[in-house]
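I have placed the structure first, in the form of structure tokens, so that the comments after it can refer back to it.
The values are calculated or read from the model by the stated rules, or taken from the named source; none is laboratory data. Note that the coordinates shown come from a computational prediction; the quantities given were computed from them, not determined experimentally. Virtual Cβ from ideal backbone geometry, glycine too; neighbours counted across all protein chains shown. Just the protein is used for accessible areas: all its heavy atoms, side chains included, with ligands, DNA and RNA removed. Shrake-Rupley method; radii C 1.70, N 1.55, O 1.52, S 1.80 Å.
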Amino acid sequence: MKIYTKQGDEGQTQLVGKRVKKTHGRVEAYGTLDELNSCIGLAVVYAKEEKHEDIVADLTAIQHELFDLGGDLANVTKQQDWKIDLHATEKLESLIDIYWEETPPIKTFILPGGGRLAAQLHVCRTITRRAERLTVNLDVTSIPPVALPYLNRLSDYFFAVARAVNARNGTEDILYERGKG
């Protein structure tokens, strides 16, 4: 099988059940999930280097869930046998609670950053927010009911785990300081 098919050379691609322009909202949404998945791959490399094996396991599971969700978003047929389910969101909630316990309390906004892994997790958080915004624009009757809660929780997960990584590594969060204008 060749890597190239030439079927997208005219600016169209195939959803499950329909051919659409590559700028179609669904393509934008699942393409952003693909971008997120690549950024998570880099975070996995950093997590391995920093010996955060629990985070490596979490992120790898999330990568699989994002493939499932991307497939769900690419499906425009009447058959709605969703791969992503409520369990994925509930798992994120329990992980958020665990990682949040590791972090010091905050009373103000923090700037994205800290160590290399934490900074990469913040990049993942912001891409997740974009994926969420793009998914909101889709017809909610044709996407998994858990898609939006999952993405919302996923961005919270990245925030919590970025802060936990900084805490584990002894790196203080950078607190936002209001401008003097």
message = Taking θ = phi - 60°, what integer Hz values does the Karplus form 6.51 cos²θ - 1.76 cosθ + 1.60 yield along the stretch 112-124, in sequence order, with x for Gly and Pro?
response = x, x, x, x, 4, 5, 4, 4, 5, 5, 5, 4, 4
note = Toy charge model, Lys and Arg Cβ at +1, Asp and Glu Cβ at -1: the stretch 56-181 dipole around Cα centroid in debye, rounded to 20, equals 580 debye
key: Whole-Hz ³J(HN,Hα) from phi, Karplus 6.51 cos²θ - 1.76 cosθ + 1.60, for the stretch 130-135, glycine and proline x   = 5, 4, 5, 4, 5, 5
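Rounded, prolate or oblate for the stretch 74-144? Axes are the square roots of the Cα gyration tensor eigenvalues, ordered a ≥ b ≥ c, and the cut-off for rounded is a/c under 1.5.
Numbers: a/c = 2.88, a/b = 1.92, b/c = 1.50.
Here the stretch 74-144 falls in the prolate category.
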Volume in Å³ per residue [convex hull over Cα atoms, computed for the chain] = 157 Å³
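Viscosity 1.002 mPa s, temperature 20 °C: Stokes-Einstein D of the stretch 26-113 from its Kirkwood Cα radius, in µm² per second? Display every interim value, and only then the final one.
Numbers: Rh = 15.0 Å.
It comes out at roughly 143 µm²/s.
Using the Cβ atoms and a cut-off under 11 Å, what net charge is assigned to the surroundings of PHE159, where Lys and Arg are +1 and Asp and Glu are -1? Don't skip to the end; give the middle numbers.
On the way: positive: ARG125, ARG129, ARG153, ARG163; negative: ASP156, ASP173.
Neighbour charge sum, excluding PHE159 itself: +2.
Sorted by packing (mean other beta-carbon atoms within 10 Å per residue), highest first, where do 156-169, 49-62 land?
Working: 156-169: 22.9, 49-62: 16.4.
Per-residue Cβ counts within 10 Å, averaged per peptide and sorted highest first, yield 156-169, 49-62.
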ask   = Whose amide H sits under 5 Å from the amide H of ASN75, counting only residues 5 or more places off or on another chain, with H placed in the peptide plane?
value = VAL16
message = Could you tell me the calculated FRET efficiency between LEU111 and ASP54, based on Cβ-Cβ distance and R0 = 22 angstrom, to the nearest 0.05?
response = 0.30
query = Taking R0 as 25 Å, what's the FRET efficiency between GLN63 and VAL16 from their Cβ-Cβ distance, rounded to 0.05?
reply = 0.75
ask   = Using a 1.4 Å probe on the protein chains only, how many percent of the accessible area of the chain belongs to carbon and sulfur?
value = 54 percent
key: Computed over the stretch 105-168, the ratio Rg/Rh where both radii use C-alpha atoms and Rh is Kirkwood   = 1.08
ask   = Sequence-distant or interchain residues sharing an amide H contact under 5 Å with ILE174, placed H: which?
value = LEU111
task = Step through the residues of the stretch 85-90 one at a time and calculate ³J(HN,Hα) from phi using the Karplus curve (6.51 cos²θ - 1.76 cosθ + 1.60, θ = phi - 60°), rounding each to whole Hz and writing x for Gly and Pro.
result = 9, 4, 4, 4, 5, 4
